[in-house]
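The values are calculated or read from the model by the stated rules, or taken from the named source; none is laboratory data. Remember, it's a predicted structure, so these values are computed and weren't measured experimentally. Here the Cβ is made from the backbone with ideal geometry for all residues, glycine too, and neighbour counts use every protein chain on show. Note: areas computed on protein heavy atoms with side chains; ligands, DNA, RNA excluded. Shrake-Rupley method; radii C 1.70, N 1.55, O 1.52, S 1.80 Å.
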Amino acid sequence: MPSVVIVGAQWGDEGKGKIIDYLAGESNMVVRAQGGNNAGHTVIVKDRKYTFHLLPSGVLYPDKVNIIGNGVAFDPEGFLTEIKKLEDNGFSAGNIRIDQRAHVIFPYHKRIDALEEESRGEEKIGTTRKGIGPCYMDKIQRSGIRVEDLIDPEVLKERLALQVPRKNRILEKIYEAEGYDMEVLYQQYREYGQQIKRFVTDTTKLTHEALQAGEKVLFEGAQGTLLDLDLGTYPYVTSSHPTAGGFPVGAGIGPNKIEEILGIVKAYTTRVGLGPFPTELQDATGDAIRTKGKEFGTTTGRARRCGWLDLVMLKYTARVNGLTGISLMLLDVLSGFESLKICVGYEIEGEKTTDFPASLKKLGKAKPIYQTLPGWSQDLSSITNFQDLPQEAKEYMEFIEQYLEIPIKIVSIGPGREQTIVREEIYRR
Ligand code: GDP
Ligand code: IMO
Ligand code: MG
């Protein structure tokens with residue numbers, strides 16, 4: 001039962017897509033378990049760029065099964081657009097499977113997402129406006145519509161007949177916005193249902209069977225630990241569980257089926273959207289990282305906020321995920337800085353701590369305590385051996401490993417598939 005969970009250890013966009021694509025090469029199955037098309041995962045193969053939002057990042061390999069699990073918020077419109085793009089690029093969508101239990105995103109979810117953000121004013125979260133939060137709200141409230149309902153025209157009609165008037169009342173009375181025509185929505189979504197029908201099945205069974213047969217299963221995290229609904233920087237989070245603990249529920253497997261939990265860590269820190277960020281650099285250094293790392297959102301195009309690596313935060317995310325290894329990403333972006341800073345503690349209202357505070361108020365006041373390490377000037381992007389990396393880059397990594405007490409198993413020195421240095425095999429068997 002070789003299985004690996006890939007989890008974002010910061011605020012998302014750590015480079016999960018690149019590593020999924022890399023490891024998918026030796027896997028049989030790739031499984032998404034939470035989030036939806038709020039994710040933006042980039043894969044670069046032979047200088048061609050592919051971005052995936054709802055599709056698992058293993059779809060470039062024709063022989064891998066790619067699963068959209070029960071915990072995903074499923075946008076049929078987004079899905080159909082993505083598979084069209086995939087097929088236009090010469091790839092097959094034939095091995096994609098969608099779980100019957102996944103909840104469906106409807107236009108009213110997206111609309112409410114946007115209207116809610118506007119109504120919050122200064123307090124807005126900075127969501128991707130893909131309807132993720134409102135879709136999960138319906139799920140939690142037990143009024144959601146699932147993929148199995150979408151593909152059954154009769155059930156879909158019944159469910160929409162109940163939902164649309166309720167949503168219209170909310171839209172009209174709370175947001176003073178226009179409602180939806182139930183019949184128009186029904187016709188449109190019935191058509192989507194028929195188009196996606198061929199992909200729909202009980203994916204929990206497929207995953208179970210693959211694990212039982214000893215196949216290699218890769219679980220693809222979206223978002224990042226600090227965007228987790230429970231463990232992240234609430235309320236500036238997403239509405240699902242991107243942590244390792246979210247996988248058993250979102251993919252319908254037992255927790256004992258997970259062998260390896262690989263944390264994807266950017267060599268510095270970024271955040272898109274609002275909320276506290278202790279090591280943020282609102283200066284020329286932050287701008288330099290943004291430009292060099294091309295730090296602009298894959299889904300929304302927004303400029304990502306950039307800052308130094310924060311080990312206080314990573315110690316926390318390593319703990320709540322139970323990380324067994326790290327893949328350190330975008331190390332090449334740090335070439336050319338005379339010195340590099342790493343946050344090793346916070347000072348909050350005059351007190352020093354190495355604990356990541358749960359209180360947002362405290363986190364907002366946290367002043368980073370930095371350790372300064374020497375930088376390096378060499379370009380790393382074509383290095384293929386760990387030994388050939390500059391001494392200073394090795395010391396930077398050693399410092400991280402010692403602080404976190406977790407090995408860096410993969411080092412990524414460029415966005416391409418081949419720009420990956422594996423120090424330790426990820427699948428144990
Ligand atoms: P994800 O959401 O975690 O999959 O990450 P994104 O795809 O949103 O953002 C990561 C960005 O970094 C993408 O543009 C990748 O192509 C790029 N990337 C990934 N690994 C590396 C790396 O090692 N070096 C550089 N320079 N870019 C990388
Ligand atoms: P990947 O998988 C970075 C952020 C949004 C916002 C918050 C809530 O590419 O790493 P939502 O639309 O989910 O309700 O927005 O979460 N966010 C992400 N930030 N990477 C992502 O995904 C994200 N998905 C959501 O910017 O702050
Ligand atoms: Mg992303």
Could you give each residue of region 241-257 its phi-based ³J(HN,Hα) in whole Hz, using Karplus coefficients 6.51, -1.76, 1.60 with θ = phi - 60°, and x for Gly or Pro?
10, x, 7, 3, x, x, 5, x, 6, x, 10, x, 10, x, x, 6, 8
Let me check I've understood the local charge: for Ile98, count other residues with C-beta under 15 angstrom from its C-beta, Lys and Arg +1, Asp and Glu -1. What total comes out?
-2
Taking only C-alpha pairs under 8 Å that are 6+ residues apart, what is the relative contact order of the chain in percent?
20
For region 56-165, what relative contact order do you get, as a whole percent, if you take Cα pairs closer than 8 Å and at least 6 residues apart?
24
Starting with the highest mean, order 368-376, 263-271 by the number of other Cβ atoms within 10 Å, averaged over the residues of each peptide.
263-271, 368-376
So for the chain: antiparallel DSSP bridges make up what percent, rounded to the nearest 5?
40
What does the charge count around Tyr50 come to, taking other residues whose C-beta lies under 15 Å from its C-beta (Lys +1, Arg +1, Asp -1, Glu -1)?
+3
Set the Förster radius R0 to 60 Å, insert the Cβ-Cβ distance between Arg429 and Lys367 as r into 1/(1 + (r/R0)^6), and round the FRET efficiency to 0.05.
0.85
Picking from Leu80, Leu311, Ala267, whose Cα lies most toward the positive end of the charge dipole for the chain (charges on Cβ: Lys, Arg +1; Asp, Glu -1)?
Leu80
Using a 1.4 angstrom probe on heavy atoms only, work out the carbon and sulfur share of the accessible area of the chain in %.
48
Assigning unit charges at the beta carbon (Lys, Arg +1; Asp, Glu -1) and nothing else, what dipole magnitude in debye, to the nearest 20, does the chain show about its Cα centre?
460
Given the options Gly345, Ile253, Ala393, identify the residue whose Cα lies farthest towards the positive end of the charge dipole of the chain (+1 on Cβ of Lys, Arg; -1 on Cβ of Asp, Glu).
Ile253
Rounded to whole Hz and in sequence order, give me ³J(HN,Hα) for region 146-159 from the Karplus expression 6.51 cos²θ - 1.76 cosθ + 1.60, θ = phi - 60°, writing x for Gly and Pro.
9, 4, 4, 6, 4, 8, 10, x, 5, 5, 4, 4, 4, 5
Please report, in whole Å³, the volume per residue of the convex hull around the C-alpha atoms of the chain.
136
Would you give the gap between the C-alpha center of region 393-429 and the C-alpha center of region 122-150, rounded to a whole Å?
36
In nm, to one decimal, how far is the Lys124 label point from the Arg302 one, both placed 7 Å along Cα→Cβ?
0.8
Distant-in-sequence amide H partners of Leu309 (H built 1.01 Å from N, under 5 Å):
Thr269, Cys343
If each part is reduced to its alpha-carbon centroid, region 69-103 and region 1-41 end up apart, in Å, by 16
With x for Gly and Pro, the residue-by-residue ³J(HN,Hα) of region 211-221, computed from phi through the Karplus equation 6.51 cos²θ - 1.76 cosθ + 1.60 at θ = phi - 60° and given in whole Hz, is 5, 4, 7, x, 6, 8, 10, 10, 9, 9, x
Mean Cβ-within-10 Å packing, highest first, puts peptides 323-329, 125-131 in the order 323-329, 125-131
So, with points 7 Å from each Cα along the Cβ direction, the Glu209-Ser381 label distance in nm works out to 4.4
Local electrostatic count, Val155, Cβ distance below 10 Å [Lys/Arg +1, Asp/Glu -1]
-2
In degrees, nearest 10, the alpha-carbon axis of helix 76-88 is tilted away from the dominant principal axis of the alpha carbons of the chain by 70
With charges set only on the Cβ (+1 for Lys and Arg, -1 for Asp and Glu), what does the dipole of region 264-422 come to about its Cα centre, in debye to the nearest 20?
700
Choose one of Gly133, Val104, Ile6: the residue whose Cα lies farthest towards the positive end of the charge dipole of region 1-149 (beta-carbon charges +1 Lys, Arg; -1 Asp, Glu; about the Cα centre).
Ile6
Mind pulling the angle between the C-alpha long axis of helix 311-321 and the longest principal axis of the chain? Nearest 10 degrees, somewhere in 0 to 90.
50
Would you mind computing, in nm to one decimal, how far apart the modelled labels at Glu158 and Asn89 are, each placed 7 Å from Cα along Cα→Cβ?
4.0
When the distances between all Cα atoms of region 103-196 are binned every 5 Å from zero, what whole-number percent does each bin get?
3, 14, 23, 25, 19, 9, 5, 2, 0
How much mean residue ellipticity at 222 nm does the chain get from its helices, if each DSSP H run of length 4 or more adds -39500 (n - 2.57) and you divide by all residues, to the nearest 500 deg cm²/dmol?
-9500 deg cm²/dmol
Note the angle between two axes, namely the Cα long axis of helix 182-196 and the longest principal axis of the Cα atoms of the chain, as a number of degrees from 0 to 90, rounded to the nearest 10.
60
